[in-house]
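*Asks:* Have a look at the structure that comes next, please.
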Amino acid sequence: MSKYFVIGNPIDHSLSPLIHNYWFKKYKIDSTYEKKKIETNDLKDFAEEMRNNKNFEGANITVPFKNKIIPFLDDLSSVANETFSVNTIIKRDEKLIGHNTDATAYLETLEENNTWPSVKTLIIGAGGVTSSIIWGIRGLNCKNKIYIINRTKQKAEKLIKKLVPNLIGNGIEVLDWGDVPDVNLVVNTTSVGLNQNDYLKLDFTKYNNKKECMFYDLIYNPKETNFLRDAKKRGNQIKNGKKMFLLQAKQAFKLWTNVDAEIDEEIVKIVD
Ligand code: ATR
């Protein structure tokens, strides 16, 4: 029996085990998928165990380890390499290969909504998933403006410097935390909201009654964060991370099993 894990900290919110175990059952694949909370110091041992345990076939990586896992892997896919971010590991001949299905999933959600390529975007955060969002926007060959704000401004500046040689970082401006420019799409890539009481301390009142403006939270559990609830009250459009989450899971499942899993009604209910 093959084993799969998702590692992160916090990890309680993760619905990945429900999804992958549902698909393993549906497609009659003899495998299990569990969540595991670990500390940064455990990453090396985790990778070592995965390399040496023959049943241990793959893993998902979530906050805050998407960048931090990279030094312990043997190779990266081109997207993982361009984004410095890994959310999926596959094992081939005892070698651990890091992939990034967040970026390709985000690109797919953008492709589904063909008005988005023309928008100006404000990205909040500069953590492990932020580069995937930039990659998705640039993947649409979109040269429109992207602004980034992060509580720790230097971290956003460091991220952009790393991305510029990769081209996808061109045309991105880092603003001060608290600066909220006029854009049509605001994406929360921070972990603020994973706990229901979390609040991003930002003032979005200038977006009052702006129906055309979309507030997008990558968090899917809880399904309506304070960030989204406030946007709804202001009259903005809102979207949570459910679709992107399902698409990244589908793509990870395909990498592990070569099965094109269906996002059926049951799976949508599981995530709701
Ligand atoms: P990492 O920062 O280790 O990559 P992450 O979970 O991928 O971990 O990223 C966390 C993101 O959420 C960061 O952008 C972080 O901002 P800092 O770089 O300033 O730490 C952001 N974040 C976490 N808690 C926050 C808070 N209370 N207010 C604003 N941003 C927060």
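The values are calculated or read from the model by the stated rules, or taken from the named source; none is laboratory data. What you see is a predicted model, and the numbers here were worked out from it, not measured in a lab. Ideal geometry is used to build each Cβ from the backbone, glycine not excepted, and the neighbour counts take in all protein chains shown.
*Asks:* State whether the residues of region 71-84 include one that is in a strand (DSSP E or B), among the charged types (D, E, K, R), free of Cβ contacts under 8 Å to residues at least 12 places away in the same chain and farther than 20 Å from residue 140 by Cα.
*Replies:* No, region 71-84 contains no residue that is in a strand (DSSP E or B), among the charged types (D, E, K, R), free of Cβ contacts under 8 Å to residues at least 12 places away in the same chain and farther than 20 Å from residue 140 by Cα.
*Asks:* Could we say that residue 196 is within 16 Å of the ligand (Cβ to nearest atom) and either of a type in the set (S, T, N, Q) or on the phi > 0 side of the Ramachandran plot (or both) here?
*Replies:* Details: within 16 Å of the ligand (Cβ to nearest atom): yes; either of a type in the set (S, T, N, Q) or on the phi > 0 side of the Ramachandran plot (or both): yes.
Yes, satisfied.
*Asks:* Can you tell me which of 215, 227 is buried (at least 17 other Cβ atoms within 10 Å of the Cβ), within 19 Å of residue 110 (Cα to Cα) and touching a strand residue (DSSP E or B) at 6+ places or on another chain (Cβ under 6 Å)?
*Replies:* 215
*Asks:* Kindly list the number of the only condition in (1) modelled with pLDDT of 95 or more; (2) assigned to a loop (DSSP other than H, G, I, E, B) that fails for residue 63.
*Replies:* (1)
*Asks:* Provide a single number: the residues in region 28-54 that are part of a helix (DSSP H, G or I) and either surrounded by 11 or more Cβ atoms within 10 Å (Cβ to Cβ) or not polar (S, T, N, Q) (or both).
*Replies:* Residues that pass the stated criteria total 11.
*Asks:* Then there is this: Can you pull out the residues in region 230-272 that are assigned to a loop (DSSP other than H, G, I, E, B), β-branched (Val, Ile, Thr) and in contact (Cβ under 8 Å) with a residue 60 or more places away in the chain?
*Replies:* 259
*Asks:* From the residues in region 134-162 that are within 14 Å of the ligand (Cβ to nearest atom) and touching a strand residue (DSSP E or B) at 6+ places or on another chain (Cβ under 7 Å), which one is nearest to residue 111 (Cα to Cα)?
*Replies:* Among residues in region 134-162 that are within 14 Å of the ligand (Cβ to nearest atom) and touching a strand residue (DSSP E or B) at 6+ places or on another chain (Cβ under 7 Å), the one nearest to residue 111 (Cα to Cα) is 134.
*Asks:* Scan region 171-187 and report the pairs whose first residue is under 18 Å from residue 217 (Cα atoms) and whose second residue is of a type in the set (Asp, Glu) and in a loop (DSSP other than H, G, I, E, B), with Cβ atoms within less than 8 Å and a gap of 6+ or a chain change.
*Replies:* Pairs found: 178/203; 180/203; 184/212.
*Asks:* Take the residues of region 181-193 that are more than 14 Å from the ligand (Cβ to nearest atom) and not aliphatic (A, V, I, L, M): which is surrounded by the fewest Cβ atoms within 10 Å (Cβ to Cβ)?
*Replies:* Per the criteria, the residue is 182.
*Asks:* What residue, of 227, 204, 215, is more than 12 Å from the ligand (Cβ to nearest atom), without any contact (Cβ under 8 Å) to a residue 40 or more places away in the chain, farther than 28 Å from residue 98 by Cα and touching a Leu at 6+ places or on another chain (Cβ under 9 Å)?
*Replies:* Exactly one of 227, 204, 215 is more than 12 Å from the ligand (Cβ to nearest atom), without any contact (Cβ under 8 Å) to a residue 40 or more places away in the chain, farther than 28 Å from residue 98 by Cα and touching a Leu at 6+ places or on another chain (Cβ under 9 Å), namely 215.
*Asks:* Quickly run through region 196-212 and pick out the residues that are surrounded by fewer than 15 Cβ atoms within 10 Å (Cβ to Cβ) and either more than 21 Å from residue 177 (Cα to Cα) or among the β-branched types (Val, Ile, Thr) (or both).
*Replies:* 196, 205, 209, 211, 212
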